[in-house]
Structures are given as structure tokens and as C-alpha cells.
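Sharing a structure with you now.
FYI, it's all coordinate maths here, none of it is from the lab. Computed from a prediction, not measured in an experiment: that's the story for all the values here. Neighbour counts run over all protein chains shown; Cβ positions are idealised from the backbone, glycine included.
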Amino acid sequence: MGRIFVVDLEGRSYRCKFCKTQLALADEVVSRAFHCRRGKAYLFNNVVNITIGAQEERVMLSGMHTVADIFCCWCGQLLGWNYEKSQKHKEGKFVLERWRIVDGLDSEFYIDTHPTTTSDVEDA
């Protein structure tokens, strides 16, 4: 295994909740209206300091999508997923689950315990 190089971001950023590694700039948020199994999630144009897992077909509320899980490059925690083949406006974008990230001020986000069912949550 080699040395891990971490990208430092300038400006307000979102970080891994578990190790505080920077993941994305606040300016990269496309939508705050996504949902996952455990609640809300954010859709980003770009994220850094991640590793991408294998592509797989997943059935979500909006249909079948080709996605790949994304993990923190430092601590290895699952953070969300990347849309590989999907609806055009989602392709190449990244979803970070809110309960797995903190903002640059080290304050945790509010975790909504009553998620709605109007987005791409995986069918259990």
C-alpha cells in the first residue's frame, strides 16, 4: 500500500464525520433534497479525498441506476455513492449522506429521523 495524499480545500467545506478529512466545498452542492436509507443526503458536482467502489445496478425510488459506493480515502468509511449511469442531470455526480459528514465548522448536521420518500432511497 502506498502513501495517502489528501487534497486541501480553500473555503467552507464538508468533512468526513469520522476522521474530519475534507470532502467537498459548499459551493459544489447541487441539491440538498436527496435521501438515503438513514435520512437526508446532498448531491455534489465534485468531491475529493475519496475512493470509489465497484459499479453496480441498484433499484432506487426513481428507478434503476448504475452507481458506485464512495469511501473516505483516509478512514475508509462509506460516505455515499456516485452516479455512473443514470438520469442525465445525475450522471457523474456524488451523493454524501448527511449523517456521515460535518460542515467545516465541525458542527454535526441535524439528523432527520422522519425521512420522506420522494428521492433516491434504496429499496430495502
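Is the shape of segment 1-63 rounded, prolate or oblate, going by the alpha carbon gyration tensor and its root eigenvalues a ≥ b ≥ c, with a/c under 1.5 for rounded and a/b larger than b/c for prolate?
Oblate shape, in that a/c is at least 1.5 and b/c is the bigger or equal ratio.
By average Cβ neighbour count within 10 Å, what is the ranking of 63-70, 95-102 from highest down?
Ranking the peptides 63-70, 95-102 by packing returns 95-102, 63-70.
Classify segment 43-97 from the C-alpha gyration tensor, please: rounded if a/c falls under 1.5, else prolate or oblate depending on whether a/b exceeds b/c.
prolate
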